[in-house]
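What follows is one structure encoded as structure tokens, with my remarks underneath.
Nothing in this text is a laboratory measurement; each read-out follows from the coordinates by a stated rule. Because the structure is a prediction, the values reported are computed rather than measured. Positions of Cβ are backbone-derived with ideal geometry, glycine not excepted, and every protein chain shown enters the neighbour counts.
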Amino acid sequence: MAADDRLPDPMDRDDPPLSPSHDRPDGVDDATVEATGTLSEAHEYLIRARGHLYSFHQLMGRVDKLVGEAAEGLRDAGHDELSQFLEDEVVGRNAIDGRWTFQIVEEFDLCYYEPVTEAESRVRTELMGGRRHIFESELKDGRITPGRRGHERRPPRAHDPRIETE
């Protein structure tokens, strides 16, 4: 692979470093942490929904390919009329009115996924200094047994090699 073809280093981004402690920013109250955590949970469900939509997209592509192969197989077996029927009625058919699944995925991304993702990021940036999972971090802190192996508050380098941790 040529030097210009290398993938970018994820550490060469302008993103703020991750909070090694996931501590809430100074002055942020419980209600704000909870509401921001709820929005974060909604965004996580959105990510999962998008994944299911992409699964649907890939599964439907596979269906179309297999129906095409079945039509070829029927033709090879001497069933020209049924083969032609599948090719005319099923192969290449729209999944919904006027759309193949790639169009559904693109429209979903444009109309819903991207705006909601940007909104979640804006709220988190403005209220939590861009820190993620503050609510969950505080939940963890309340459930671990301090000093017990397997209950450590944070890993040694807390997910981001750019920062030193406690």
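Here are some notes:
- Sequentially through the stretch 122-129, phi angles give Karplus couplings (6.51, -1.76, 1.60; θ = phi - 60°) of 4, 4, 5, 5, 6, 9, 10, x Hz, Gly and Pro residues having no value and appearing as x.
- Phi angles across the stretch 106-120 convert, under the Karplus curve 6.51 cos²θ - 1.76 cosθ + 1.60 with θ = phi - 60°, into 3J(HN,Hα) values of 5, 5, 4, 4, 5, 7, 10, 4, 5, x, 5, 4, 5, 5, 4 Hz, Gly and Pro given as x.
- Distance from the stretch 21-52 to the stretch 65-104 (C-alpha centre basis), Å: 44
- Residues within the reach of a label modelled at V116 (point 7 angstrom out along Cα to beta-carbon, backbone nitrogen below 18 Å), restricted to the stretch 50-64, are 50-57.
- Compactness of the stretch 26-146 - radius of gyration and Dmax, Cα, Å: 23.5, 76
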